[in-house]
Amino acid sequence: MSGHASEQAVKQPFDVTVRKGVLLFLALACLYWFVWVPWRPSRVSFLVFFGFGMIQLAATYVNEFNPADIPPLFMSSLVRLFIRLLAVAGLVIELALGFGAKPWWEALLLPIPPFAFASVLYRIHNPAPSFFTGVMALVMALLLKLFT
C-alpha cells in the first residue's frame, strides 16, 4: 500500500464537479463566441489567439514560485523571463490582430477567452503543459500560414 496522497484517487463532492462543469461550459462558450465565430474564416488567427492564451497562462504560473509544482527547466530565471516576455509580446500581437479586424471594444475582449479556457483546463499550477500546448498551437498556425 502506498501512503502518497497524489497516488490515491480523491473523489470530489458533487457541487465541486458541477461548478467545474459550469466553468468549463462558460469558458467554451466565451471561446466560441469571442474567438471562433469572429475568426472562423482564419484558423491561423484562432490558433494564434489560443497559443498565446496558453503561454500567458504559463507566464502567470511561472510567477508563482513553488518548487513542488514547477519542473526544473522553468525554475531558471532566464526561462521565466523569456516566458514573461513572450506572453507580453503575444498580448501585443493579439491586440494588433484584433484592432485590425474588429472594433476597439471587441478587440479588447478577444484575448480573454483563450486565457479563461486554458485556466479551466490546466488547473494545476505547472506551467509546462500550458506553455508547450501554446507553442504547439503557434507552430501549427505558422505551418498553416506557410502552406496555405
Residue pairs qualifying under the 8 Å Cβ cut-off, at least six apart or on distinct chains, with the first in region 66-77 being within 10 Å of residue 126 (Cβ to Cβ) and the second being loosely packed, with under 10 Cβ neighbours inside 10 Å, are none
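Residue by residue, here is whether (1) modelled with pLDDT of 75 or more; (2) under 15 Å from residue 112 (Cα atoms); (3) out of contact with any helix residue (DSSP H, G or I) (no Cβ under 8 Å at 6 or more places or on another chain) holds:
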| residue | (1), (2), (3) |
| --- | --- |
| 18 | yes, no, yes |
| 27 | no, yes, no |
| 35 | no, yes, no |
| 44 | yes, no, no |
Out of all the residues in region 78-111, which are within 14 Å of the chain's Cα centre (by Cα) and either farther than 19 Å from residue 54 by Cβ or open to solvent by 60 Å² or more (accessible area, probe 1.4 Å) (or both)?
84, 88, 91
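The values are calculated or read from the model by the stated rules, or taken from the named source; none is laboratory data. On a predicted model such as this, the values are computed, not experimentally measured, just so you know. Because the Cβ atoms are built from the backbone with ideal geometry, glycine has one as well, and the counts that use them run over all protein chains shown. Side chains included, ligands, DNA and RNA excluded: accessible areas come from the protein's heavy atoms. Shrake-Rupley method; radii C 1.70, N 1.55, O 1.52, S 1.80 Å.
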